[in-house]
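**Q** Can you read through this structure? Questions will come right after.
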Amino acid sequence: MKKILITGSTGLLGLKLTPYLKKRFQVVEMRNRLNDIEGMRPYFKDAEFVLHLAALKEDGPSCDEFYKVNVEGTANIAKLCLEYGVKMIHFSTTAITHQDFYGITKLMAEKEVEKYIAYRYEIFRPGLQAVTLRFPSIYTGNKRLTLYYSIHRLLKDTERIILKHDFSKYKIYELRSKFHWLLYLKKKIRFKRGIIGQLEDEHMKSHPIK
């Protein structure tokens, strides 16, 4: 059975995702502080995947706190994933275009992941194997028309990534409702591409991976 390590298991997404995955995989919740590399190290020794959900989002924390958790914390997770050969599923956000602490630090966190993907830990060893999921706000209700992304679809998408995703190439997926995606196209928003060049989101733009 695949062993899944989850950060941020007590957050909004973690409270939904953790029990769902526990029915299908061996799941370990890591609640160490993200700056405690030595304390986190034992969790990575026999893990196959890390779902990195932990992040500061709410107003209140200082800019330094946002940076330490969202940027440095993500860098530490990516570093340990690279060191132990663990695949990383990085949960980001479509709010990376927002000019607030959350949006700015989440974009910086994506760059940290990309840095370790490009990094060669030692000769003939590949860089970090990872995928980034950018999602909008999540809802748990049954709404017909919304800019939000269904938690049920996120659960299914995450499971399919664990089971089927090819981690040999880094990808960034945009998770959007159909209505949200139409607005996105209409406004012709262009996100800055990462090291992969093109944003590859074959099935997850408007529906789960198949």
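The values are calculated or read from the model by the stated rules, or taken from the named source; none is laboratory data. Computed from a predicted structure; not experimentally measured. Methodologically, a virtual Cβ is constructed for each residue, glycine included, from the backbone with ideal geometry; neighbour enumeration extends over all protein chains shown.
**Q** Do the conditions hold for Leu128, that is, is it in contact with a Leu (Cβ under 8 Å, 6 or more places away or on another chain), among the hydrophobic types (A, V, I, L, M, F, W, C), at pLDDT below 95 and not in a strand (DSSP E or B)? Let's see the steps before the verdict.
**A** Working: in contact with a Leu (Cβ under 8 Å, 6 or more places away or on another chain): yes; among the hydrophobic types (A, V, I, L, M, F, W, C): yes; at pLDDT below 95: yes; not in a strand (DSSP E or B): yes.
So Leu128 fits the description; yes.
**Q** Being in a helix (DSSP H, G or I), at pLDDT 95 or above and acidic (Asp, Glu) is the requirement here; does Glu29 meet it?
**A** Numbers: in a helix (DSSP H, G or I): no; at pLDDT 95 or above: yes; acidic (Asp, Glu): yes.
Answer is no for this residue.
**Q** Just to be sure I understand the filter: pairs with C-beta atoms under 6 Å, separated by 6 or more residues or on different chains, first member in segment 150-174 and farther than 19 Å from Tyr20 by Cα, second member surrounded by fewer than 16 Cβ atoms within 10 Å (Cβ to Cβ). Which pairs pass?
**A** Taking only residues 6 or more apart or on different chains, the pairs are Tyr170/Ile196; Lys171/Glu200.
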